[in-house]
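What follows is one structure encoded as structure tokens, with my remarks underneath.
The values are calculated or read from the model by the stated rules, or taken from the named source; none is laboratory data. As the structure is a computational prediction, the values presented were derived from the model and not from experiment. For neighbour counting, all protein chains shown are included, and Cβ atoms are generated from backbone atoms with ideal geometry for every residue, glycine included.
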Amino acid sequence: MAGLTIDELTRIKETYKDPSQGDTKYNVILCGGSGCRAKGSLKIKAAIEKQLEDKGNGSLISIHLTGCNGFCAQGPVMKVYPGGILYQSFKEQDVSAIVEEHFLNNRPVEKLLYKDNKDPKGKTTIASTQDIPFYKLQHQRVLKNRGFIDPDDINDYIGRDGYMALVKAVTLMEPHDILRSVKDSGLRGRGGGGFPTGMKWEIASKASGPKTDRWPVTQKFLICNAGPISRSIVEIDPHLIIEGMVIAARAMGATQGYIYVREPDNLFIVNRLNTTLKKARECGFIGENILNTGFDFDNALSMGAGTFICGEETAMLNSMEGKRGYPTSKPPYPATKGLWGYPTAVDNAETFANVPQIILHDPAWFRQLGTEDSPGTKIFTLTGEVNTNGLIEVDMGITFRSIVFDIGGGMKKKKTFKALSIGGSTGGFIPESLLDIRASYADVVNAGTIMGSGNLVVMDNNSCMVHTAMYAMEFATGESCGKCVPCRIGTKVMYDKLISITEGSGVMKDVETLHDLAAEVKRTSLCGFGQTNPLAVLTTIKYFTDEYESHIKDKWCKAGRCKKLCTFYIDQSVCTGCTSCARKCPQNAIAGEKKKPHEVDQALCVKCRSCYETCTFGAVKIGPRNMFESQEIKP
């Protein structure tokens, strides 16, 4: 198939029709992301169409299947226009009510609408998508097509300005113009340390590779690291990644690109990327003589083997070359000597996804949002003990308090905020007192953690920070490639020390040892993995020292997570004898007559927390280990 001409591209854009403004009475946009598919969105689509057909009203609606809507915890998600009425957390059996009440009688189904988190009784509903705080307080640029296009339909993407930035970049701009625009925008890598993107591409553009028979001396490579956040963009808007990569290739002189997928068993993502690359190639956006300009750039998938360390760029390059995924020391950096020894720029999908809009608009437009050192927007995954989980895009510089309590709707019922994990598996934690810091690279680093790819996990008062640090070191020990001594041995020693503390055999000297060792591992490790995995230890010691002291001095895990350092007992002055805890106990360790105070048989209790989490009266409490032996508290 011959590639599209610029005139044909313009005609596709002009004939595009927004799915929310179709020709039918109701235009339905249904989330087809992996999360909503798993919850039955495809079955819901089929059920709606069948029921309307059976009633002779098949032409009443049109249903458009889109990529992920970001409102993941509330899935399946469906928007109905006019009005943008949002249905969430509904099931196939609810379809008949939607068809009968909404589609046939124009009355939204109240019980399936979003419940306002600020209503303590949970009875206030919000019908329109634009009024729901989760959506209302976001500023979508990278995700501007979320919920409006079919990710597998390239015409949908073109209809919403897709590939127009590429046209501008290859027909009206020279490579140095693109580099200047990206540098002036202040765009920083969205996958880890936040290195200035334009500077990296400029270094690669000026570098030259070795002379070999395989490739000419001008060969350069461009690689997209399709990590965790990248998978979300692939689900929503995969052509945006491809367009950004082609523009980047034009800027730095690359002729071959690769999208590195670390988990090749994720067939949903692999198939979508293959479909996207095929259609982009058919339309002439990748391949030879792009848009008849003489510019050549091809793109392909490269499969990893699932290991976490291959998220580090040099380990990734070794993996792509067929070697073991070990990181290498830097310099030289990949921008000067990367894949097969040639200049290589490695960025994640979110970084590339920002590029088309910078080119289509201008650097000043990009800088309208964010801060001076961190302009633009940032995508985060918001999870944990917060009312509303999901994928969000916010201005850089927004406070984390606003993310948690405004966009996320605050803590779940009866939960108290304790900590926010920032930066994913190798990031750190901040306490409530630091929630007002801005989501910028400088502020996050000053707090002792990293922005990473944008994972935020909200933790409540039932979390033990010592136990959490131990879990982080368990992960680090398992995922360390073992190449360098600080990471290989240092993480294992930290893990062992934390196990001792959580089991009651720690001493206060261990805390000092942990801190010094973590600082040394951070300073001397070979790659970013070893340099960041100690952050969990450093930030928990810095901000939650009292919990370490409680574990060591009092032999008490007040959150009840470290089983050897806690005792679950029932406060008989509070217990109503409702029997809920007894019914939940897997060991039958709780006894007592109905409507009379119960007791826990400590010999049978396995400290599973079922009674503590079940009791709604606060009668089940957590005390230090062996508390009854020391007569500190009598049952």
(request) Collect the residues in segment 475-487 that are closer than 17 Å to Ser425 by Cβ and either touching a Cys at 6+ places or on another chain (Cβ under 9 Å) or among the hydrophobic types (A, V, I, L, M, F, W, C) (or both), keeping them in residue-number order. (result) Phe475, Ala476, Ser480, Cys481, Cys487
(message) Scan segment 423-438 and tell me whether some residue there is at positive phi and either of a type in the set (Val, Ile, Thr) or assigned by TED's automatic domain parsing to the domain that holds Glu520 (or both).
(response) no
(request) Have a look at Ile286, Ile247, Ile290, Ile309 and point out the one that is crowded, with 18+ Cβ neighbours inside 10 Å and closer than 30 Å to Cys481 by Cα. (result) Ile309
(request) Determine whether segment 235-255 contains at least one residue that is of a type in the set (Ser, Thr, Tyr), at pLDDT below 95 and in a loop (DSSP other than H, G, I, E, B). (result) yes
(request) Kindly indicate which of Ala469, Ala476 is more than 29 Å from Thr351 (Cα to Cα) and outside the structural domain of Ile392 (by TED's automatic domain parsing). (result) Ala469
(message) Looking at the structure I just gave you, is Leu301 in contact with a strand residue (DSSP E or B) (Cβ under 7 Å, 6 or more places away or on another chain) and surrounded by fewer than 18 Cβ atoms within 10 Å (Cβ to Cβ)?
(response) yes
(message) outside any strand (DSSP E or B), of a type in the set (A, V, I, L, M, F, W, C) and either closer than 30 Å to Cys615 by Cα or more than 14 Å from the chain's Cα centre (by Cα) (or both): which single residue out of Phe429, Phe405 fits that description?
(response) Phe405
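Yes/no matrix, rows are residues, columns are (1) buried (at least 20 other Cβ atoms within 10 Å of the Cβ); (2) more than 29 Å from the chain's Cα centre (by Cα); (3) assigned to a helix (DSSP H, G or I); (4) among the β-branched types (Val, Ile, Thr):
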| position | (1), (2), (3), (4) |
| --- | --- |
| Ser463 | yes, no, no, no |
| Ala472 | yes, no, yes, no |
| Thr491 | yes, no, yes, yes |
| Ser505 | no, yes, no, no |
(request) Could you run through segment 312-362 and say how many residues are among the polar types (S, T, N, Q) and either in contact with a Cys (Cβ under 6 Å, 6 or more places away or on another chain) or farther than 30 Å from Arg160 by Cβ (or both)? (result) 7
(request) Look at segment 182-195 and say how many of its residues are at pLDDT 95 or above and within 24 Å of Thr532 (Cβ to Cβ). (result) 3
(request) Please determine, by comparing only the residues of segment 574-590 that are surrounded by 15 or more Cβ atoms within 10 Å (Cβ to Cβ) and among the aliphatic types (A, V, I, L, M), which one is farthest from Asp510 (Cα to Cα). (result) Ala582
(message) Need pairs with beta-carbon distance below 8 Å; first residue more than 12 Å from Asn155 (Cα to Cα) and within segment 273-289, second among the basic types (Lys, Arg) and surrounded by fewer than 24 Cβ atoms within 10 Å (Cβ to Cβ); sequence gap 6+ or separate chains.
(response) Gly287/Arg281
(message) I need the full set of residues from segment 441-452 which are part of a loop (DSSP other than H, G, I, E, B), surrounded by fewer than 23 Cβ atoms within 10 Å (Cβ to Cβ) and small (Gly, Ala, Ser), in order please.
(response) Ala447, Gly448
(request) Test Ala603 against the stated conditions and say whether it is small (Gly, Ala, Ser), surrounded by fewer than 15 Cβ atoms within 10 Å (Cβ to Cβ) and either over 42 Å from the mean Cα position of the chain (by Cα) or not in a loop (DSSP other than H, G, I, E, B) (or both). (result) yes
(message) I'd like the residue in segment 606-622 that is in contact with a strand residue (DSSP E or B) (Cβ under 6 Å, 6 or more places away or on another chain) and in a helix (DSSP H, G or I) and, out of all such residues, is surrounded by the most Cβ atoms within 10 Å (Cβ to Cβ).
(response) Cys611
(request) Check Val521 against each of (1) over 15 Å from Phe429 (Cβ atoms); (2) touching a residue at least 24 places away in the same chain (Cβ under 8 Å); (3) more than 29 Å from the chain's Cα centre (by Cα) and name the one condition it does not meet. (result) (3)
(message) Just to be sure I understand, how many residues within segment 296-321 are among the hydrophobic types (A, V, I, L, M, F, W, C), more than 20 Å from the chain's Cα centre (by Cα) and over 12 Å from Ala226 (Cβ atoms)?
(response) 6
(request) Among the residues of segment 212-226, count how many are buried (at least 24 other Cβ atoms within 10 Å of the Cβ) and more than 14 Å from Ala345 (Cβ to Cβ). (result) 1
(request) Tell me which residues, restricted to segment 477-489, are loosely packed, with under 15 Cβ neighbours inside 10 Å and in a loop (DSSP other than H, G, I, E, B). (result) Gly482
(message) Just to check your reading of the model, which residue among Tyr326, Tyr260 is assigned to a loop (DSSP other than H, G, I, E, B) and either outside the structural domain of Gly209 (by TED's automatic domain parsing) or surrounded by 14 or more Cβ atoms within 10 Å (Cβ to Cβ) (or both)?
(response) Tyr326
(message) Taking the condition of being modelled with pLDDT under 90 and in contact with a helix residue (DSSP H, G or I) (Cβ under 7 Å, 6 or more places away or on another chain), how many residues in segment 594-635 meet it?
(response) 1
(message) Consider segment 14-56. How many of its residues are within 21 Å of Pro108 (Cβ to Cβ) and outside any loop (DSSP other than H, G, I, E, B)?
(response) 18
(request) Search segment 463-474 for residues that are farther than 13 Å from Leu538 by Cβ and pair each with any residue that is among the charged types (D, E, K, R) and surrounded by fewer than 24 Cβ atoms within 10 Å (Cβ to Cβ) when their beta-carbon atoms are under 6 Å apart and the residues are at least 6 apart or on different chains. (result) Ser463/Lys418; Cys464/Arg561; His467/Arg561
(message) Taking the criterion of being over 17 Å from Gly304 (Cα atoms), crowded, with 24+ Cβ neighbours inside 10 Å and β-branched (Val, Ile, Thr), would at least one residue in segment 202-211 satisfy it?
(response) no
(request) Select the helices (runs of 4 or more DSSP H) contained entirely in segment 513-573, then report the ones holding at least 2 residues which are crowded, with 23+ Cβ neighbours inside 10 Å. (result) 528-532, 535-543
(request) Determine which member of the set Arg583, Arg625 is on the phi < 0 side of the Ramachandran plot and part of a loop (DSSP other than H, G, I, E, B). (result) Arg625
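Rundown of residues vs (1) hydroxyl-bearing (Ser, Thr, Tyr); (2) out of contact with any Pro (no Cβ under 6 Å at 6 or more places or on another chain); (3) over 23 Å from Asp395 (Cα atoms), yes/no style:
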position	(1), (2), (3)
Asp184	no, no, no
Phe195	no, yes, no
Ile203	no, yes, yes
Lys206	no, yes, yes
Pro210	no, yes, yes
Arg214	no, yes, yes
Glu235	no, yes, no
